[in-house]
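The values are calculated or read from the model by the stated rules, or taken from the named source; none is laboratory data. Note that the structure is predicted; figures quoted are calculated from it, not measured. Please note: Cβ atoms are built from the backbone with ideal geometry, for glycine as well, and neighbour counts cover all protein chains shown.
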Amino acid sequence: MLNNLSKPKGKLGVLIAGLNGAVSTTFLAGTLAVRKGKAKPIGSLTQMGTIRIGKRIDANFPKIKDFVPLADLDDLVFGGWDIRNENTYESAKIAQVLKDSDLDVVKNELENIRPMRAAFQKQYVKRLDGDWVKKGETKYDLMEQIRNDIKSFKISNNLSRLVVIWAGSTEIYTPIHNVHKTLANFEMGMRENDDNISPSMLYAYASIAEGVPYIMGAPNLAIDTPALIDFSKKQNVPIAGKDFKTGQTMLKTVIAPMLKARMLGLTGWFSSNILGNRDGEVLDDPDNFKTKEESKLSVLEGILQPELYPELYANHYHKVRINYYPPRGDNKEGWDNIDIFGWLGYPMQLKIDFLCRDSILAAPIVLDLILFADLAQRSGMHGVQEWLSFYFKSPMHDVDKVPEHDLFIQLMKLKNTLRKLMNEHPITHLDTNGVEEFSDNIEEFLED
Ligand SMILES: NC(=O)c1ccc[n+]([C@@H]2O[C@H](COP(=O)([O-])OP(=O)(O)OC[C@H]3O[C@@H](n4cnc5c(N)ncnc54)[C@H](O)[C@@H]3O)[C@@H](O)[C@H]2O)c1
């Protein structure tokens, strides 16, 4: 299977649920500008990153896009769904992430991208109202309509493959219920309009049913249920999620492994955010915030493993706050106050003030995930794609495994997966200097 990986033929459809949001329109405008040669894909590993192949002495560092046969940006065809019937140029203007001069470079292309009607129910995103929505007696009907959209988009654009990605609003917190536990329960639940089945789950089911990879960019329960994971394996479809890892949490997954690597203790970590975009408004509702909070909180426990290091981490206090503050728009400010202790318990502090831009950080992640999900599909990979954990705050993983949150372990996992896909040796960073038995097995263990 792996030997046959070659440059893909034909066009790749990209269908985005939440097509008119800040992340989506920033991704679209940027990708279209890059393919016109008017911008650089900064932040995108697939476009700018390199990968070491072979031994250090070989000094062979091709670009990732030259090493693995990814789809060309010229072959991407964009579409999607939203609850607002605007073209993506109008929406990008409303989002106020990119300057007019940057949007005008791709104005015609953006004006031609319009959403299909969304499967939407207000009870899952209480702060939004939508009039560009599908009608159906049951959730099963809505799901069937999404399937039809996917099919007709494929035919009318003469596509060879598709990827579906959720960059829609964060839905309310939903714990796992019986309806999520088996495929039969889930299918019955859609027919019976079970309240625990949200729109993002309908898009997920529809994509898998159509044999299309599904990526979950928001933190709510959607594809990470036994029913849909099982379905993705049956249908040979790769899935990945959840919650794009962009600002504060990305930093957390770099700083926390550093503290643990040096056996420095933690007494408290207070994270607060102000942001004023529509995402911030949605998260201002307590039920939607709870979804995000769970996702942001899970990271520290996973990295620090307090059960293994009780003297260092058992009693740390971790708080995450998100405050809706309209004047800042998409330009989020994330503060972290970190109380740590070192040798003999002496206290120290770290303060981080990240003045970031949410959608500027998320857009290249969307691009990479689309290209890698398509690669996974063409490689015959299916089910949860743990090697894409690099991109997520709450990386999906098999039930019998603990998640991996450390950004650099995640990167190593991603790159080794690419090496393996292309029949190259994974790199273990083993020190083989002067150890004969190790050097003998150099084919197996490529040292750093
Ligand atoms: N920007 C980041 O750094 C970042 C990081 C992690 C996760 N996210 C998540 O990505 C998502 C998008 O963020 P954003 O800033 O673009 O938000 P946004 O509010 O600008 O965009 C969301 C879009 O989804 C649409 N939508 C809502 N329900 C829908 C449905 N059922 N079907 C189709 N469309 C629907 C909305 O109308 C809106 O256009 C959010 O869930 C956010 O939490 C963003």
Residue 196, sole failed condition from (1) more than 27 Å from residue 246 (Cβ to Cβ); (2) in contact (Cβ under 8 Å) with a residue 40 or more places away in the chain; (3) part of a loop (DSSP other than H, G, I, E, B); (4) not basic (Lys, Arg): (2)
Among (1) at pLDDT 95 or above; (2) closer than 29 Å to residue 283 by Cα; (3) polar (S, T, N, Q) - the single one residue 174 does not satisfy: (1)
Residues located in segment 30-77, provided they are touching a helix residue (DSSP H, G or I) at 6+ places or on another chain (Cβ under 6 Å) and not in a helix (DSSP H, G or I): 39, 41, 43, 44, 49, 51, 68, 70, 71
Members of segment 171-194 found to be within 16 Å of the ligand (Cβ to nearest atom) and closer than 20 Å to residue 229 by Cα, listed by number: 171, 173, 174, 190
Among the candidates 223, 197, 215, 208, residue that is outside the structural domain of residue 309 (by TED's automatic domain parsing), away from the ligand (no atom under 16 Å from the Cβ), crowded, with 24+ Cβ neighbours inside 10 Å and aliphatic (A, V, I, L, M): 208
Any hit, segment 17-36, residues being farther than 20 Å from residue 85 by Cβ and either in contact with a Lys or Arg (Cβ under 8 Å, 6 or more places away or on another chain) or without any contact (Cβ under 8 Å) to a residue 12 or more places away in the chain (or both): yes
Answer from 383, 334, 329, 345 - the residue that is surrounded by fewer than 16 Cβ atoms within 10 Å (Cβ to Cβ) and touching a residue at least 40 places away in the same chain (Cβ under 8 Å): 345
Pick from segment 148-172, criterion surrounded by fewer than 18 Cβ atoms within 10 Å (Cβ to Cβ) and out of contact with any strand residue (DSSP E or B) (no Cβ under 8 Å at 6 or more places or on another chain), ranking: farthest from residue 371 (Cα to Cα): 148
Any chance residue 256 is surrounded by fewer than 18 Cβ atoms within 10 Å (Cβ to Cβ), within 20 Å of residue 405 (Cβ to Cβ) and not assigned by TED's automatic domain parsing to the domain that holds residue 159: no
Of residues in segment 135-162 being in contact (Cβ under 8 Å) with a residue 24 or more places away in the chain and of a type in the set (A, V, I, L, M), the one farthest from the ligand (Cβ to nearest atom): 159
Filter result for residue 62 (surrounded by 14 or more Cβ atoms within 10 Å (Cβ to Cβ), over 27 Å from residue 149 (Cβ atoms) and at pLDDT 95 or above): no
Candidates 43, 13, 54 - the one that is away from the ligand (no atom under 11 Å from the Cβ), in contact (Cβ under 8 Å) with a residue 60 or more places away in the chain and either outside the structural domain of residue 367 (by TED's automatic domain parsing) or surrounded by fewer than 16 Cβ atoms within 10 Å (Cβ to Cβ) (or both): 54
Complete set of residues in segment 295-310 that are in contact (Cβ under 8 Å) with a residue 40 or more places away in the chain and at negative phi: 295, 296, 298, 299, 300, 302, 303, 304, 309
Unmet requirement for residue 86, which otherwise passes all of (1) of a type in the set (Asp, Glu); (2) away from the ligand (no atom under 16 Å from the Cβ); (3) at pLDDT 95 or above: (2)
Pairs, first assigned to a loop (DSSP other than H, G, I, E, B) in segment 242-271, second away from the ligand (no atom under 16 Å from the Cβ) and modelled with pLDDT of 95 or more, C-beta under 6 Å, six or more apart: 264/340; 264/342
Flag for residue 250 being surrounded by fewer than 24 Cβ atoms within 10 Å (Cβ to Cβ) and either assigned by TED's automatic domain parsing to the domain that holds residue 17 or within 16 Å of the ligand (Cβ to nearest atom) (or both): yes
Residues satisfying the stated conditions in segment 98-134, i.e. assigned to a loop (DSSP other than H, G, I, E, B), surrounded by fewer than 22 Cβ atoms within 10 Å (Cβ to Cβ) and away from the ligand (no atom under 14 Å from the Cβ): 99, 105, 112
